[in-house]
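Everything on this sheet refers to the single structure shown next.
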Amino acid sequence: MDPFRGKAQEKDEWNLSPTVTYRHVHSPQSAGVHNPLRIIGLIDMDAFYAQCEQRRLDIDPTLPVVVLQWDSLIAVNYPARKFGIARMTKLKEAQKMCPNLVVVHVATYKDGENEAKYHPNPDNKSYKVSLDLYRRESTKIINIFKSTLPTAEVEKASVDEAFIDFTVPVQQILVERYPELAAPTPSSSYHMDSELPLPPLDISWHPSCNLVPIGPEEEGKEGEEDSSTSASGTSTSKQVVTWQDVALSIGAELLFKVRNEILQNLGYTTSAGIARNKFLAKLVASYRKPASQNVLANAAIPHYLKSMPFQKIRFLGGKLGAVLAEEYEAKTVADLLSIDLTEMQTKFGPDSIWVYQVLRGIDHSEVKEKPPVNKSMLASKNLPTPIRKDGDTLQWIRVLCAELAVRLNEAREAGTVWPKTIALHTKQVGESAPRSKQAPFPFVRELTGDVIVAAAMKLWKELHGTDAERATNPNAPNMKIINIAIAFTGVEALEQGQRGIEGFFGPNLPGPSKTRPNIGQIAEDPTPEEDTEISVDYTCPKCSKTISVSVQRDDDAEMRAARIHAVKAEHEDFHFAQELSRQDKLVIGGGKRRRSPGPGTVKKRKKDDGILGYFQKK
Ligand code: TTP
Ligand code: CA
Ligand code: CA
């Protein structure tokens with residue numbers, strides 16, 4: 001079946017100009033993702049890490065800059081790309097191609113330092129990469145998106161990208177600008193589900209817009225391979241203007257506004273795409289780069305997609321794409337359009353409807369800010385030299401914990417969040433699944449790396465035992481750990497119960513005095529001055545049991561907190577284990593015993609999994 005046989009059929013197939021009613025304008029949410037006036041943008045930072053470093057070091061933006069992680073280039077700015085340098089280029093090669101290249105190595109954590117620094121010659125053997133700067137800048141960017149467009153939905157998609165749903169603010173402007181779109185009144189001759197009157201004949205596109213051409217006749221006028229039509233003030237195409245185009249042009253104005261805020265406030269250039277849905281917005285964002293704003297009107301969708309090598313499309317680049325390419329001898333989207341929905345679903349399962357739709361530029365996924373619940377923070381290190389004995393462990397745990405401390409403290413500047421649990425994951429040579437162990441992470445007012453280290457070391461001992469224990473256990477395999485990760489999970493607003501013990505861990509950790517503990521609070525034992533050990537009591541708010549904790553008199557506040565924390569964590573473990581045995585859902589511990597990934601298990605699910613499942617069945 002040829003989907004382009006007839007005009008009507010093409011329209012239907014691509015869903016290019018569905019009827020727009022007053023309801024779509026006045027209650028945009030009612031039609032949700034099916035609203036024909038839906039306008040979605042995707043903003044992606046140009047050469048993001050390179051721009052961050054340029055701003056930090058105040059380097060002229062016209063100079064060629066690369067960002068290095070060990071000996072790989074991870075970001076190449078556009079002036080450096082002019083020399084032919086790409087992400088895959090070897091550093092030495094890049095320096096030959098461009099002798100004046102500015103090379104910045106990312107910041108690193110070093111054991112014993114509690115913040116990441118720009119060390120002169122960091123090496124993978126004893127340093128850990130820090131991406132803190134980029135995360136921080138990312139948060140600032142997202143906050144500017146939200147404050148500039150308070151009625152738009154913003155969804156952070158990666159460290160340097162976000163989707164923005166412009167539908168609501170666009171429709172506010174639409175009704176202000178076009179009085180003929182006023183809502184029906186009882187005396188109107190039309191009602192909410194009436195079709196809108198004819199749209200204006202012309203649109204003025206913001207001059208920053210690159211309009212994707214609607215057909216080959218508009219393309220490559222200067223002989224450029226994929227030259228777009230640059231906006232020239234009025235509508236450029238011979239195509240009849242639709243209300244969707246009008247909405248898109250308003251969206252493009254807002255998109256420019258928000259991109260300009262980023263440029264003015266933070267000095268970063270961005271590239272963006274705007275279209276009727278997330279898939280197309282993301283795809284068209286890289287149509288022209290850098291500092292570009294690419295607009296894909298509905299009428300331009302078929303021409304734009306048909307010539308596209310379909311394996312360039314996200315999620316079609318992997319195995320699935322390879323199978324489709326082979327099965328249909330297909331290269332471009334057009335080559336796959338002959339597969340109708342029934343055939344697609346028969347061959348690849350019912351879920352493959354998303355492939356069918358994506359090939360036609362249809363995507364009904366929502367732009368939704370991810371709720372901050374169950375947020376996790378993970379610091380991970382692939383170890384260049386495996387950990388084989390206890391003595392190798394602490395340096396890495398300290399480095400990872402220093403990073404987590406920085407990140408959690410930063411998150412706490414923005415709001416009173418705290419992690420529910422801390423988890424340790426290790427990956428051993430010869431074991432297919434990582435080992436994980438987690439424990440509740442009680443509140444401390446002054447969070448330092450050492451507090452986390454104490455909790456993590458405890459998990460380490462539970463997960464791997466000690467050298468001595470392994471030596472006496474004939475079943476224990478030789479330890480050879482190649483990845484170690486520590487995660488905070490459930491990072492969210494503090495709960496009442498957690499706050500209750502705040503006084504106990506803070507910098508005002510009790511010195512010797514005569515008070516006895518209250519429920520849920522710690523107080524110290526009336527220990528004589530001359531003793532080097534001080535005993536402090538903790539009363540568990542859950543079971544009212546009081547536990548004594550020994551701390552050293554000359555321990556500083558952090559050390560005390562760490563010691564107390566270790567004991568308390570152990571007690572909480574007991575409650576946790578009790579809960580687990582009740583739920584019989586999550587078994588923490590090593591290897592085979594783990595039944596299902598629990599809150600402490602970090603497992604990424606790829607979207608491909610679903611569709612690949614169908615291939616496997618097939
Ligand atoms: P990208 O958005 O893929 O690339 P970019 O921003 O450097 O360049 P472009 O202008 O083409 O968008 O990635 C964003 C940042 O993520 C990038 O600056 C560095 C980091 N990154 C890596 O560390 N490793 C990688 O393999 C990729 C793709 C990105
Ligand atoms: Ca980018
Ligand atoms: Ca990106």
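List of remarks:
- Test: residue in segment 293-301 that is within 16 Å of ligand 1 (Cβ to nearest atom) and either modelled with pLDDT under 95 or assigned by TED's automatic domain parsing to the domain that holds D160 (or both): yes
- Single residue of segment 1-50 satisfying the filter (modelled with pLDDT of 95 or more and aromatic (F, W, Y)) that is nearest to T270 (Cα to Cα): F48
- The set of residues from segment 39-80 being within 26 Å of L283 (Cα to Cα) and among the hydroxyl-bearing types (S, T, Y) comprises Y49, Y78.
- Verdict on L337 being crowded, with 17+ Cβ neighbours inside 10 Å, outside the structural domain of A281 (by TED's automatic domain parsing) and modelled with pLDDT under 90: no
- Test: residue in segment 271-278 that is crowded, with 16+ Cβ neighbours inside 10 Å, in contact (Cβ under 8 Å) with a residue 60 or more places away in the chain and assigned to a helix (DSSP H, G or I): yes
- Picking from residues in segment 67-100 that are near ligand 1 (Cβ under 10 Å from one of its atoms) and assigned to a strand (DSSP E or B), the one that is surrounded by the fewest Cβ atoms within 10 Å (Cβ to Cβ) is S72.
- Test: residue in segment 461-476 that is within 25 Å of K117 (Cα to Cα), touching an Asp or Glu at 6+ places or on another chain (Cβ under 6 Å) and outside any loop (DSSP other than H, G, I, E, B): no
- Leading residue by the ranking (surrounded by the most Cβ atoms within 10 Å (Cβ to Cβ)) among those in segment 402-435 that are under 21 Å from the mean Cα position of the chain (by Cα) and closer than 17 Å to D111 by Cβ: E403
- Selection within segment 107-132 - in contact with an Asp or Glu (Cβ under 8 Å, 6 or more places away or on another chain) and either outside any loop (DSSP other than H, G, I, E, B) or within 16 Å of ligand 1 (Cβ to nearest atom) (or both): A107, Y109, A116, K128, S130, D132
- The condition of being outside any loop (DSSP other than H, G, I, E, B), outside the structural domain of L263 (by TED's automatic domain parsing) and within 16 Å of ligand 2 (Cβ to nearest atom) does not hold for V103.
- Filter result for S17 (away from ligand 2 (no atom under 16 Å from the Cβ), farther than 30 Å from A291 by Cβ and surrounded by fewer than 17 Cβ atoms within 10 Å (Cβ to Cβ)): yes
- Qualifying residue in segment 107-125 (condition: aromatic (F, W, Y) and within 16 Å of ligand 3 (Cβ to nearest atom)): no
- The set of residues from segment 159-217 being within 16 Å of ligand 2 (Cβ to nearest atom), in a loop (DSSP other than H, G, I, E, B) and crowded, with 20+ Cβ neighbours inside 10 Å comprises just one member, D160.
- Residue count for segment 240-270, restricted to those that are aliphatic (A, V, I, L, M), buried (at least 17 other Cβ atoms within 10 Å of the Cβ) and not in a helix (DSSP H, G or I): 1.
- Total residues in segment 147-158 satisfying the condition of being within 16 Å of ligand 2 (Cβ to nearest atom), without any contact (Cβ under 8 Å) to a residue 12 or more places away in the chain and not small (G, A, S): the figure is 0.
- Taken over segment 43-66, residues that are closer than 17 Å to S130 by Cβ and within 10 Å of ligand 1 (Cβ to nearest atom) amount to 5.
The values are calculated or read from the model by the stated rules, or taken from the named source; none is laboratory data. Computed from a prediction, not measured in an experiment: that's the story for all the values here. Please note: Cβ atoms are built from the backbone with ideal geometry, for glycine as well, and neighbour counts cover all protein chains shown.
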